[in-house]
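Okay, so here's the structure we're looking at.
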């Protein structure tokens, strides 16, 4: 059924294109024909008028040279030459009395203007129909000739025949052109649409067959359809990438979810075998804690998704990074002491480094970076929190003396659930860095990984400075 | 204060009902949307707790109906869905607060008290007393056996949170969420450090202690 639908769609589109093509072509041809026809007709009539004017001059000369007799002889000769049915010559006196007339047999009564006037200009020219000969068109010219008025009437029979032939030729040519243009237009439309159809079929088979590795054919002609095919392919590539990422994430998520669930289950099982109420209570509390951690893991994953989709809502306030670094350092004091790590803070002295940020989320981001450093730094190592201003950007960093991250891994570590295969890396949940990156990205900043001056890794959060640097503002208050 | 809870999950609703009853509330439970709406409209209810996904009639419709009949009734929306859109929708059609499942009971209790306070049904005591420890929430002071104790802001917040939930086991993650506002434990031991300091300052050395540690992951503040 889908194939039938597709066919009719293609057909109707090519039909529309063909009709449009033919219509435009026909219109243009019609206009051109009209122009040609009217120009030819005008030239023909002008030619007749010019001939009549020449004739007048000849007859004027004859009248001057031979008087009325000379005129008569010349006129009769002219009429005899053209044929009395093609030329009529009449001469009137000024008062309108007929002085000379050639054969009027084939002319009858003509409704030409009276030779006595009224006159406009020195001659009168126009068309008239000859009723006796089936309304045959004729051209007349009435001119003053010395003391007379000369009237010439010329039949347009041959000229009209010529124009009729021109009409026939033009119409025949129009029909022939349409006969060629319609199928040509049809073929052109089909040719374009065949590619559209090919793209459509490929896209359809990808939809129904759910094989996202397939691609729409590109012909390599570089036209709009090729561009469409390329765009479609680009889209497919992205969708394929997203799907792969999604399925990887599902696998990783399932794995990461199994671990706490297994722990919770074994804790419950253990509690069931226990008789000492304090021990049971202990297990229940552990179950609660495991559940809470599990939930915050889920929430972190959801936050990452929201941040990536641009849906995370930040509650921005003015935050002094010096202040924030102190606060986060305070969070990890105990953990660092327990692992014998030297934790220090290196701030921008006497200046507040202010950014517009969601304080809670920025703390979370930085805390996750510090947590990562604490996890990977071997005992006796050093961790340093730094606040800097670099190229008018606020930089918030965590440097450590740990094993470092080799360059090829530096982008990978921000992927959800990525976990470096480092011996001794304790219980990293792999979400922390992704969450930190998601939060920083949501702020319009970015995280950058480089070698640390302490020998290990340096994670640097770059954020846009809001108000530049305000001197000696709130740093003293943080102490 | 009478609370109507419209929730089809039996385990959850009976757990919440038991907790609320022990905190002094009268609790009624409806297991589906139709019954819940009828009860909400007919009986005397001070606070309504409503789940979104319910059999027969969904929570959004219930809220809409109830809002028309009782515009000032505080409504707490419960839902397992966390998306911002759901939350916004829940609040837009007339919910007063939104809580995502699963939740800690202490969180629910705090929200209910806040709603009750808003309509003048609960007058939260500003002075909390747990054994020898007295905490004045308004004046920001704490004392043990009448002796004033000097606390840092976070230590004080921790003490208030534990005093409000006295006798209830609080997990480390829960405390980190509620007192520090971090939803994701960054692996610091900040809670343990603060509990330790708080014990020192309260002179909590007896046996059993005022703040007991359970398996290193949970704390109870109990006289």
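The values are calculated or read from the model by the stated rules, or taken from the named source; none is laboratory data. This one's a predicted model, so the numbers in the text were calculated from it and none came from an experiment. Here the Cβ positions follow ideal geometry from the backbone for every residue, glycine too, while neighbour counts run over all protein chains shown.
Worth a mention:
- Neighbours by Cβ (under 8 Å, 6+ apart or cross-chain): first from segment B:138-165, within 16 Å of residue B:211 (Cβ to Cβ) and in the same structural domain as residue B:24 (by TED's automatic domain parsing); second modelled with pLDDT of 90 or more and not in a loop (DSSP other than H, G, I, E, B): none
- Extreme residue, farthest from the other protein chains (Cβ to nearest Cβ), among residues of segment A:305-326 that are surrounded by fewer than 17 Cβ atoms within 10 Å (Cβ to Cβ) and part of a helix (DSSP H, G or I): A:308
- For residue A:232, the conditions (1) modelled with pLDDT of 80 or more; (2) within 14 Å of chain B (Cβ to nearest Cβ) all hold with the exception of (2).
- Options A:387, A:405; residue that is at pLDDT 90 or above, touching a strand residue (DSSP E or B) at 6+ places or on another chain (Cβ under 6 Å) and either buried (at least 21 other Cβ atoms within 10 Å of the Cβ) or within 17 Å of residue A:332 (Cβ to Cβ) (or both): A:387
- Any hit, segment B:3-18, residues being at pLDDT below 90, part of a helix (DSSP H, G or I) and buried (at least 21 other Cβ atoms within 10 Å of the Cβ): no
- Residue match in segment B:163-176 (condition: surrounded by fewer than 20 Cβ atoms within 10 Å (Cβ to Cβ) and either assigned to a helix (DSSP H, G or I) or facing chain A (nearest Cβ under 9 Å) (or both)): yes
- Residue in segment A:346-361 that is crowded, with 20+ Cβ neighbours inside 10 Å, under 52 Å from the mean Cα position of the chain (by Cα) and within 11 Å of chain B (Cβ to nearest Cβ) present: yes
- The residues on offer are B:90, B:187, B:95, and the sole one that is in a helix (DSSP H, G or I), surrounded by 18 or more Cβ atoms within 10 Å (Cβ to Cβ) and modelled with pLDDT under 85 is B:90.
- Set side by side, the residues A:369, A:396 differ, and just one is closer than 13 Å to residue A:458 by Cβ, within 14 Å of chain B (Cβ to nearest Cβ) and either in a helix (DSSP H, G or I) or modelled with pLDDT of 90 or more (or both), which is A:369.
- Test: residue in segment A:241-249 that is under 30 Å from residue A:359 (Cβ atoms) and either surrounded by fewer than 18 Cβ atoms within 10 Å (Cβ to Cβ) or in contact with a helix residue (DSSP H, G or I) (Cβ under 6 Å, 6 or more places away or on another chain) (or both): yes
- Selection within segment B:120-137 - part of a loop (DSSP other than H, G, I, E, B) and touching a strand residue (DSSP E or B) at 6+ places or on another chain (Cβ under 8 Å): B:121, B:126, B:132, B:137
- Assessment of segment A:286-299 against the conditions (assigned to a helix (DSSP H, G or I) and more than 12 Å from every other protein chain (Cβ to nearest Cβ)) yields no matching residue.
- Residue that is under 30 Å from residue A:204 (Cα atoms) and not assigned by TED's automatic domain parsing to the domain that holds residue A:347, where the choices are A:237, A:265: A:237
- Test result for residue A:302, within 13 Å of another protein chain (Cβ to nearest Cβ), under 50 Å from the mean Cα position of the chain (by Cα), at pLDDT below 85 and assigned to a loop (DSSP other than H, G, I, E, B): no
- Residue B:215 satisfies every condition listed in (1) within 14 Å of chain A (Cβ to nearest Cβ); (2) modelled with pLDDT of 90 or more except (2).
- Looking across B:179, B:195, one residue alone is within 14 Å of chain A (Cβ to nearest Cβ), touching a helix residue (DSSP H, G or I) at 6+ places or on another chain (Cβ under 6 Å) and assigned to a helix (DSSP H, G or I). It is B:179.
- All positions within segment B:47-71 that are touching a strand residue (DSSP E or B) at 6+ places or on another chain (Cβ under 8 Å) and free of Cβ contacts under 8 Å to residues at least 60 places away in the same chain: B:48, B:50, B:51, B:52, B:53, B:54, B:59, B:62, B:63, B:66, B:67
- Residue satisfying all of: in segment B:200-223; out of contact with any helix residue (DSSP H, G or I) (no Cβ under 7 Å at 6 or more places or on another chain) and in a strand (DSSP E or B); surrounded by the fewest Cβ atoms within 10 Å (Cβ to Cβ) among these: B:212
- Any chance residue A:107 is at pLDDT below 85 and within 18 Å of residue A:79 (Cα to Cα): yes
- Residues that are more than 14 Å from every other protein chain (Cβ to nearest Cβ) and part of a loop (DSSP other than H, G, I, E, B), drawn from segment A:333-345: A:340
- Enumeration of residues in segment B:103-119 that are closer than 28 Å to residue A:293 by Cβ and either assigned to a loop (DSSP other than H, G, I, E, B) or in the same structural domain as residue B:169 (by TED's automatic domain parsing) (or both): B:103, B:104
- Residues in segment A:222-233 that are loosely packed, with under 15 Cβ neighbours inside 10 Å and under 13 Å from residue A:199 (Cβ atoms): A:223, A:224, A:227, A:230, A:231.
- Matching residues, segment A:72-110, being over 19 Å from residue A:158 (Cβ atoms) and in a strand (DSSP E or B): A:90, A:91, A:92, A:93, A:98, A:99, A:100, A:101
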